[in-house]
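The values are calculated or read from the model by the stated rules, or taken from the named source; none is laboratory data. In this text the structure is predicted, and so the values were computed from the model without any measurement. So basically every Cβ, Gly included, is an ideal-geometry build from the backbone, and we count neighbours across all protein chains shown. Accessible surface is based on the protein model in full, side chains and every heavy atom, while ligands, DNA and RNA are left aside. Shrake-Rupley method; radii C 1.70, N 1.55, O 1.52, S 1.80 Å.
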Amino acid sequence: MKVLVIGCGRTGAAVAKGLEADGWDVTAVDESEDALLRLGAGWRGGFVLGHGLDRVVVRVLDPARARFYAERGLQTVCPTQTAISEMLEAVRTGQLEPAGPS
């Protein structure tokens, strides 16, 4: 499988290294050449200096921005919204006991 990781910060580099370790053919893209250092000396994947404007999957922490991107056809992953949804579901289904005096 081939994958293109746009943005090689801490998260992008970890994803790129993890997929490369799993045998994927990985190319990382970042605007900073220094980002290549995050991939380590043993990096066997590709690296492109530049930016990606057409992203397939977008990680966004702000739920409002995640909705904005999703409404424009981009697949989004929003850890904040996932946490909110999971917490609401746990409370609504009774998986959590209310705290308080016994």
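Calculate how steeply helix 79-92 sits against the longest principal axis of the alpha-carbon atoms of the chain, using the helix alpha-carbon long axis, and give the answer as 0 to 90 degrees to the nearest 10.
Roughly 20 degrees, rounded to the nearest 10.
Among 12-22, 55-65, how do they line up by average Cβ neighbours within 10 Å per residue, starting with the highest?
The packing order, highest mean first, is 12-22, 55-65.
Ranked highest first by the average count of other Cβ atoms within 10 Å around their residues, in what order do 35-42, 83-90 fall?
35-42, 83-90
With +1 assigned to the C-beta of every Lys and Arg and -1 to the C-beta of every Asp and Glu, and no other charges, what is the dipole magnitude of the chain about the Cα centre in debye, to the nearest 20?
About 80 debye.
Subtract the Cα-Cα distance of GLU89 and THR11 from 0.36 nm times their separation in residues, and report this length gain in nm to one decimal.
Between GLU89 and THR11, full extension yields an extra 25.4 nm.
Can you give the local net charge around LEU39? Use residues other than it whose beta-carbon is closer than 12 angstrom to its beta-carbon, Lys and Arg +1, Asp and Glu -1.
Net local charge, LEU39 excluded: 0.
How much accessible area per residue does the chain have, counting only protein heavy atoms and a probe of 1.4 Å, in square angstrom?
Per residue, the chain has 75 Å² of solvent-accessible surface.
Using a 1.4 Å probe on the protein chains only, how many percent of the accessible area of the chain belongs to carbon and sulfur?
That share works out to 54 percent.
Using only Cα atoms and rounding to the nearest 10 degrees, what angle (0 to 90) does helix 10-21 make with the longest principal axis of the chain?
70 degrees
If amide H atoms are built 1.01 Å from N in the plane of the peptide, which residues on other chains or at least 5 residues away come under 5 Å of the amide H of ARG59?
Amide H neighbours of ARG59, under 5 Å, 5+ apart: VAL77.
Please list, ordered by chain and number, the residues whose modelled amide H lies under 5 Å from the amide H of VAL5; skip anything fewer than 5 residues away on the same chain.
It is THR27, ALA28, VAL29, by chain and number.
Taking the Cβ of MET1 as the centre, find all other residues whose Cβ is under 12 Å away and add up their charges (Lys, Arg: +1; Asp, Glu: -1).
Combined, the nearby Lys, Arg, Asp and Glu give -2.
Of (1) 20, 16, 12; (2) 35, 17, 12; (3) 27, 14, 10, which is the value of semi-axes √(5λ) of the Cα gyration tensor in Å derived from the coordinates here?
Among (1) 20, 16, 12; (2) 35, 17, 12; (3) 27, 14, 10, the one calculated here is (2).
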